[in-house]
Amino acid sequence: MRAGSGAGRRNDRFTERGETSDRAESLRQEEYLQRAAQEVADLEQEIGRRPTCCVTTFGCQMNARDSEKLLGILRRAGYAISESEDADFVIYNTCTVRDNADQRVFGRLGRLSHYKKSNPHMKIAVCGCMTQEQGNVDRLRKSYPYVDLIFGTHNLFRFPEYLYRCLRGEKRMVELWEGTGRIVETLPVERRYPYKSGVNITFGCDNFCTYCIVPYVRGRERSRSSEEILEEVRRLAADGVTEVMLLGQNVNSYGHDLPGELSFPELCRRVCAVEGIRRVRFMTPHPKDFSDELLEVIREEPKMARHIHLPMQSGSTEILRRMNRRYTKEQYLALAEKIRTRLPDVAMTTDIIVGFPGETPADVEDTLDVIRRVCFDNAYTFIYSPRRGTPAASMEPVPEAQIHESFGQVLAQVQACARERCSRLAGQVLEGLVEELNTQEAGYVTARLSNNTLVHLPGDASMIGQYHRIRLDEDHGFYYFGQIVTEQESNG
Ligand code: 5AD
Ligand code: SF4
C-alpha cells in the first residue's frame with residue numbers, strides 16, 4: 001500500500017516504490033481528472049452555479065509553480081478560479097523554510113473555518129513543504145478538523161486522484177510520501193502570467209546547509225531530462241511565453257544525477273535558442289558550484305537575464321563553515337568580483353541570514369564588509385529561524401537584542417547599496433517587459449528590466465506582455481519612473 005486515508009496509522013509517510021511507470025501514472029491521473037470533472041459538474045447542478053476554487057501560495061518560486069499546476073487541474077476539473085478564499089475548493093500551498101511561514105498558515109486556516117460553516121460544500125486542502133513535517137501534520141489533524149485533505153510535495157502529481165476522492169466525500173485524507181524518484185510533469189498548468197513562466201529543472205536539494213529544512217521536505221536532488229525541459233519551453237513559447245525562469249534549489253548542479261546529461265550552462269544555451277524566447281532567468285545558483293562556463297554563457301547570450309541572485313547567507317568564514325555552505329568569505333568575494341568585472345551590466349542580489357547560532361558582532365562586521373564591497377543591487381535579509389531536525393537547531397542561539405541590532409545594521413547597509421546601484425541606471429534606455437497595470441497610479445503600467453529593476457511608465461492593459469525600450473527618468477531609490485523612447489517592438 002502506498003497511500004491511504006492515514007487514519008490510525010503511526011506514521012503518515014511512505015516511500016513510493018515506482019510500481020507504475022511515469023507514463024502509466026500520468027494516464028491514471030488523467031482518468032481521475034475526468035472523474036473529478038464529473039463530480040464538479042454534478043456539484044454545479046446541485047448548487048446552481050459554477051463551483052469556485054482558490055489556491056493561496058506561501059513561499060518560493062517553486063511553490064508558485066506548483067500552485068499553477070494545482071490551478072491547472074482544478075480549472076480542467078471545471079472550477080472557476082477565484083482570488084477569494086471564500087471558495088468551494090481552497091488550497092493552502094505552504095512553505096516551512098522559516099517558522100513565521102508556518103505560523104501564518106495556522107493563523108489563516110482559522111479564518112477558513114468561518115467560510116466553511118456557511119458553505120457546506122466547501123473543501124479545504126493543505127499541501128506543500130509544511131505538510132512534509134510530522135509535527136505540523138499532527139497539529140493539523142488535532143486542531144484543524146475541518147481540513148479535508150493534506151498532501152505533500154512528492155505526490156502533488158496525484159492531486160487529480162485526491163481531488164476526486166475528496167469530492168466523493170472521503171474525510172480527512174492524509175496523503176504523504178517520504179520521497180519519490182518520480183517526475184510526472186504532464187498534468188495541466190494554469191499559468192498566472194501569459195507571457196512568463198517558471199520551468200522546473202531540478203527538484204530537491206542535496207546540500208544540507210545546517211539551518212535549512214528544504215533537503216528534508218523536498219528530498220534528494222533529481223534533475224528532469226533536458227529533452228523534457230526543452231520540450232516544455234518550446235510548448236510555452238508556442239503559447240506566447242517569452243520569458244522563462246529555470247527553477248531549482250541549486251540549478252548549477254543540474255544533470256549531475258543523470259549521466260551524459262547537458263550541464264546547466266549548456267542547458268541555458270539551448271533554452272536561449274528556442275524560438276520565441278527572449279529572456280532566460282534562473283533561480284537559485286549555489287556559489288560553490290558557479291562555473292566560469294556559466295559566466296561565459298551570460299556574457300555571450302543577450303537573452304540571459306542581466307541578473308544573478310547569488311545567496312551569500314553570511315560574510316563570515318566561520319559562520320559559513322558552521323552553515324555547511326562550503327565556501328569562504330574570500331571565495332564568495334572572488335566570485336562576486338569576477339561577476340562584477342566580467343559582467344558589469346549584471347545586477348547581483350543575495351540572501352543573508354542574521355543571527356545564526358554563534359554569530360558575533362565581528363561576524364556581522366564581515367557580512368557588512370562583503371555587502372559594501374560587492375554593493376549588492378538588493379538583498380533579502382532574514383532572521384535565523386531554528387527548524388526542527390536540522391543540525392543548527394541544536395546549536396546555541398544568539399541573544400535576541402544582539403540579533404535585532406545586527407539585523408538593523410545589515411538592512412541599512414543593504415539599502416544604501418541598493419540605492420547606489422539603482423541610481424547608476426538613471427537616464428539609460430533599457431528594454432522592459434510590461435508585466436501588469438500599476439496598482440498605485442492609474443494610467444501607468446509596470447515593466448521589469450532584464451536586470452530585474454522595475455519601471456513604472458504611462459500605459460494601459462493592452463501593453464501587458466510587450467517589450468519596450470524605456471528611458472529611466474526618475475530614480476525612486478529602488479525603482480524608476482520612465483518613458484517609452486522608441487517604437488513599440490513586436491513580440492514575435
Ligand atoms: N532561517 C532563516 N532563513 C532561512 N533561509 C533558509 N532557511 C532559513 C532559516 N532556517 C533563507 C536562506 C535561503 C532563503 C530561501 O531562505 O537565506 O537562501
Ligand atoms: Fe537549503 Fe542550502 Fe539547499 Fe538552498 S542550497 S535549499 S539553503 S540546503
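The values are calculated or read from the model by the stated rules, or taken from the named source; none is laboratory data. These numbers come from a predicted model, not from an experiment. Positions of Cβ are generated from backbone atoms using ideal geometry, with glycine treated the same way; all protein chains shown enter the neighbour counts. The protein model used for the area step is the full one, side chains on, heavy atoms only, and it has no ligands, DNA or RNA in it. Shrake-Rupley method; radii C 1.70, N 1.55, O 1.52, S 1.80 Å.
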Expected unfolding gain across ARG235-ARG373 under the 0.36 nm per residue rule, minus the alpha-carbon gap, is 45.5 nm
Limiting things to C-alpha atoms, what are the Rg and the maximum Cα-Cα separation (Dmax) for region 87-207, in angstroms? 15.1, 46
What full-extension length gain, to one decimal in nm, is calculated for THR341 and HIS404 as 0.36 nm per residue of separation minus the Cα-Cα distance? 19.3 nm
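If you count only protein heavy atoms with a 1.4 Å probe, what accessible area per residue comes out for the chain, rounded to a whole Å²?
On the way: 21090 Å² over 492 residues.
I get 43 Å² per residue for the chain.
Suppose accessible area is computed on protein heavy atoms with a 1.4 Å probe; arrange THR56, THR439 from highest to lowest.
THR439, THR56
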With a cap of 13 neighbouring Cβ atoms within 10 Å, and only residues DSSP puts in a loop, list the GluC sites (Glu not before Pro) found in region 167-225. GLU170
PRE reach from ASN452 (point 7 Å along Cα→Cβ): which of region 331-365 fall under 13 Å by backbone N? 346-352
Using the Cβ atoms and a cut-off under 15 Å, what net charge is assigned to the surroundings of GLU435, where Lys and Arg are +1 and Asp and Glu are -1? +2
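Using a Förster distance of 51 Å, how high is the FRET efficiency between GLU330 and ARG28, based on the Cβ-Cβ distance and rounded to 0.05?
0.45
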Local charge sum around ARG340 (other residues, Cβ-Cβ under 15 Å, Lys/Arg +1, Asp/Glu -1)? +3
Looking at region 193-305 from every direction and averaging, what is the projected area of its Cα convex hull in nm²? 7.1
Nitroxide proxy distance, nm - points 7 Å out along Cα→Cβ at GLU301 and ARG172: 5.0
Got a number for carbon plus sulfur as a percent of region 429-491's accessible area, 1.4 Å probe? 45
For all pairs of alpha-carbon atoms in the chain, what percent lies in each bin of width 20 Å, listed from the first bin to the last filled one? 21, 55, 24, 0
Tell me what the chain gives for mean residue ellipticity at 222 nm when only DSSP H runs of n ≥ 4 count, each as -39,500 (n - 2.57), the sum divided by the residue total, rounded to 500 deg cm²/dmol. -11500 deg cm²/dmol
Cα-based count: Lys pairs in the chain below 16 Å, eight or more positions apart or different chains? 8
Just read off the accessible area of THR446 with the full protein assembly in place, 1.4 Å probe, to the nearest 10 Å². 10
Sorted by packing (mean other beta-carbon atoms within 10 Å per residue), highest first, where do 108-119, 363-374, 466-477, 348-359 land? 348-359, 363-374, 466-477, 108-119
So ARG141 and THR360, fully extended at 0.36 nm per residue minus their Cα-Cα distance, gain in nm 74.8 nm
